[in-house]
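Asker: Input: one structure, supplied below.
Each value in this text was obtained by applying a stated rule to the coordinates, not by laboratory testing. Worth saying up front: this structure is predicted, and the values here are computed from it rather than measured. Note that each Cβ is placed from the backbone with ideal geometry, even for glycine, and that neighbours are counted across all protein chains shown.
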Amino acid sequence: MDIQIGLRELREICLAMPAATERISHGSPSWFVRDKKMFTTYAHNHHDSNRIGFWCPAPPGVQAELVAEDPERFYRPPYVGHRGWLGVYLDVDVDWAEIAEIVDEGYRVIAPKQLVAELDARST
């Protein structure tokens, strides 16, 4: 199994967020707001799942909706799924524009208002 599937693309999306930093957390590349609060983590073969994906927070109700709609692409991740985080598989056909939107929404759940405003200003 190629442990790099989607990592380069996911890294690029995450590091484009204001004040985003990257470091290894729990053995996986992870991205943080101001090196404090995690907003995305790469999940490679977690607990011998033979799957590659990532986890990020999602707005209320989104996790349940996406998992019910497309369980081949979305899942409830261990440890953080009960808090609304969304698991997204990267070892399937991936729409990177959709992944960027998911990461953007996850970042907005975690980031302080000032950084969300900076993100909004970039898109106008």
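Asker: What's the percent breakdown of Cα-Cα distances in the chain across 10 Å bins, shortest bin first?
Answerer: For the chain, the pair-distance distribution reads 13, 49, 33, 5, 0.
Asker: Along the Cα-to-C-beta direction of residue 19, a point sits 7 Å from the Cα; which residues of segment 95-109 have their amide N less than 14 Å from that point?
Answerer: Residues 107-109 fall inside that zone.
Asker: Can you give me the angle between helix 113-122 and the longest principal axis of the chain, using Cα atoms only, in degrees from 0 to 90, rounded to the nearest 10?
Answerer: 90 degrees
Asker: Tell me what the chain gives for mean residue ellipticity at 222 nm when only DSSP H runs of n ≥ 4 count, each as -39,500 (n - 2.57), the sum divided by the residue total, rounded to 500 deg cm²/dmol.
Answerer: Estimated from H runs of four or more residues: -10000 deg cm²/dmol.
Asker: While we're here: What do you get for the angle between helix 96-110 and the principal long axis of the chain? Use alpha-carbon atoms, 0 to 90 degrees, nearest ten.
Answerer: For helix 96-110, the angle is close to 60 degrees.
Asker: Within segment 58-124, which chymotrypsin sites (Phe, Trp or Tyr not before Pro) sit in a loop by DSSP and count at most 13 neighbouring Cβ atoms inside 10 Å?
Answerer: Of the chymotrypsin sites (Phe, Trp or Tyr not before Pro), the ones in loops of segment 58-124 whose Cβ has at most 13 other Cβ atoms within 10 Å are 79.
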